Each structure stands twice: as structure tokens, then as C-alpha cells.
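J.: Here it is, the structure, as C-alpha cells.
The values are calculated or read from the model by the stated rules, or taken from the named source; none is laboratory data. Here the structure is a predicted model, which means the values were calculated and not measured. Because the Cβ atoms are built from the backbone with ideal geometry, glycine has one as well, and the counts that use them run over all protein chains shown.
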Amino acid sequence: MSPWPFTFRQLEIFKLLCETHSFRRCAEMLGVSQASVSNQLRSLEEQMGLSLLDRSPGKRPRLTDKGEEFLADLQNFQIAAQNLAAHRRSGAAPHRRPGHFYVLAGQYLMQTHIKPQLAALYQRNPQISLDFDSKVPTDRIVDELQSSTYDIAVIHVPLRLKLGNDFREISHVTAGIYGAKRFIADQPLPLTAEQIRKLPFVLPPENTLAESVILEELSRHAIKPSNIIARTGPSSIMVEMIVHGMAVGPTLEPLLPSSSRDNVQLLWPLTDFKLVSYCPRRGKDALLDEAEQFLIDTVIRDPTYPYLPIEA
């Protein structure tokens, strides 16, 4: 039983809710469901015996008086925790039982490739146990990883990013605006940016990190969608709308089901991505090395995952 009436995850969610004032945006940034965010906050309030946020219907959540006091103390607590963490010996790994590793994995990679194979890993080596987290990849992900406590990360990042020695570049994947071939009709390819922006787009929810990342990438190509017909959080739903000819949208080629790729066209190439693995203690723990290689193999050994080799 923990001596504290809260968990660090609950504190992280509470602080992010204070910053975003939105359960939806908080869930999007953490890669979890809104229900999970709500449950974590409710548990925190029950454990503390306090009402921290006023959640009136139709209004953004706002801090109660007790919530304001709690937030102020939380900020002091985090400063103290950072000062304590600064005493850790350089290069020391977080204390966990052998074989227990903290992993960051892209949502698509987790659901499509990793999760279906986990039972085989655990059966082959019962000493290995993996806890997973997920985030929307941005240009800041490299810095975030290097200051995090993740043992392993398997994610897609923009091809242009320069990576340090803790990263392995696994494969090159195509990214772009995809849509059903009917959107082209008899128009010659490539379409112009003006033609593209008028097509019916599906995008992530407004004011989310995922939307910000995509709009920033589209702006690099002078594309500002003028016909946004739908917004959805899960990338799987965006892909389903693209595949069924309901909308066009930006995505990675591997996210498109292999059975649908003949009916879907790359309408405009965007900045390509690469599959990378991050492991700062690679070569120092045999169980960790086995877990990292397993995660990589679940992706690149899947014949439905299209990729190109990384150019030297």
C-alpha cells in the first residue's frame, strides 16, 4: 500500500488538465481515452477527499479553491522532486525489478503489430514484463525521450530528424495525403496545392497536439484545407474514412490496410517518416536487448508493413 494518497500518474493528469482545460485534449496528448483521464481525476479527488476541478456541464473544467492550493503545492513538489532526481548518478537506470521495462510505442504500432505478439514474448521469456505508454510524435520527441525514464521506444519520427547514438534507424516509410482514386477522376498527377486544399479532409480534433503537428506539416507545403468535413481522435477512424472514400487525409502508408492500398492513391507527398528504436542502455542488459529486438521484429517482419531501407 502506497503511503501517498495519490499516484504520480494522477498528478501528471491533474497538471495537464490545469494547462489544457480540456479532458479531450488531455487524453489526446497522453494517448489515452477521455474516460481514463476522468477516472484518474476522480480517483485522485476521492483519495484526497477534495474537489479539485469544477466540471459543470457545457463548461471547461476550472480549478476550485482547494484545487488552486493543490496546484501550487504540486508545483513546489515537482521542483523538490527534480532537485532530488538531480542527485542520481549520471547514467544510472531507474530502479525496477530485472526484466521490467517501460516502453513508449506508437498507437498504430502497438495495436497492429506489437500487442498481437506479446503473448509469444512472455511465453518465451517469463522474466520480461513491459509497461506501455503512447504519445503523438513531434519534432520535440527526441529531446523528450532523452530526458524521460523510458527503457525502450519504438516510434515513427520525421525522416529529417537527426538522432543520437541511443537511437537505431530501422526503416523509411512514406507519408502523404491519401485518398480514394475517385478524388482524382481524370485529373493529371500531381494535383496542385489549390486542388488538394479543396478536397474533403478528415483531421484530428481542433486544438489538439495531433492537429497542430499535421497543420504545421501541411503549411510547409502551402496547403490549408478549406473543406474539413470530419474530425476524429483515433487515427484508425481517419484511415477508415480515407479507405472508404469518405475523405482525404494525411497519414503514413503502413497505416493503410494492405487490402485497400490498390484503391487508395498518394495525392500529395509529405515529409516521410522513419521507424526508430530508442534504448539508452542497449548492450548492458540481455533482457532489455531481447525486448527491444522483439519489438522491432514484430513490425519489420510483418509482410503487411511496407517500408524502404534507410539510406546510409
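J.: Can you tell me which residue within region 186-214, out of those that are hydrophobic (A, V, I, L, M, F, W, C) and part of a helix (DSSP H, G or I), is modelled with the lowest pLDDT? Reasoning before the result, please.
T.: Within region 186-214, the subset hydrophobic (A, V, I, L, M, F, W, C) is 189, 191, 193, 196, 199, 201-203, 209-210, 213-214.
Pick out the ones that are also part of a helix (DSSP H, G or I) and you get 193, 196, 209-210, 213-214.
Working: 193: 96, 196: 97, 209: 75, 210: 80, 213: 86, 214: 93.
Only one residue tops the list, namely 209.
J.: Could you tell me whether any residue of region 85-98 is out of contact with any helix residue (DSSP H, G or I) (no Cβ under 7 Å at 6 or more places or on another chain), outside any loop (DSSP other than H, G, I, E, B) and modelled with pLDDT of 70 or more?
T.: To start, the set of residues in region 85-98 that are out of contact with any helix residue (DSSP H, G or I) (no Cβ under 7 Å at 6 or more places or on another chain) comprises 85-97.
Then drop every residue that is not outside any loop (DSSP other than H, G, I, E, B), which leaves 85.
Checking the rest, the ones that are also modelled with pLDDT of 70 or more come to none.
No, region 85-98 has no match at all.
J.: Residues in region 214-229: is at least one among the charged types (D, E, K, R) and either touching a strand residue (DSSP E or B) at 6+ places or on another chain (Cβ under 6 Å) or buried (at least 18 other Cβ atoms within 10 Å of the Cβ) (or both)? Spell out the reasoning first.
T.: Narrowing region 214-229 to residues among the charged types (D, E, K, R): 216-217, 220, 224.
Restricting the remaining residues to those that are either touching a strand residue (DSSP E or B) at 6+ places or on another chain (Cβ under 6 Å) or buried (at least 18 other Cβ atoms within 10 Å of the Cβ) (or both) gives none.
For region 214-229, residues among the charged types (D, E, K, R) and either touching a strand residue (DSSP E or B) at 6+ places or on another chain (Cβ under 6 Å) or buried (at least 18 other Cβ atoms within 10 Å of the Cβ) (or both): absent.
J.: I need the full set of residues from region 118-134 which are at pLDDT 90 or above, surrounded by fewer than 16 Cβ atoms within 10 Å (Cβ to Cβ) and closer than 30 Å to residue 234 by Cβ, in order please. Outline the logic, then answer.
T.: Of region 118-134, the ones at pLDDT 90 or above are 118-130.
Narrowing further to those that are surrounded by fewer than 16 Cβ atoms within 10 Å (Cβ to Cβ): 119-120, 122-127.
Within region 118-134, 119, 120, 122, 123 qualify.
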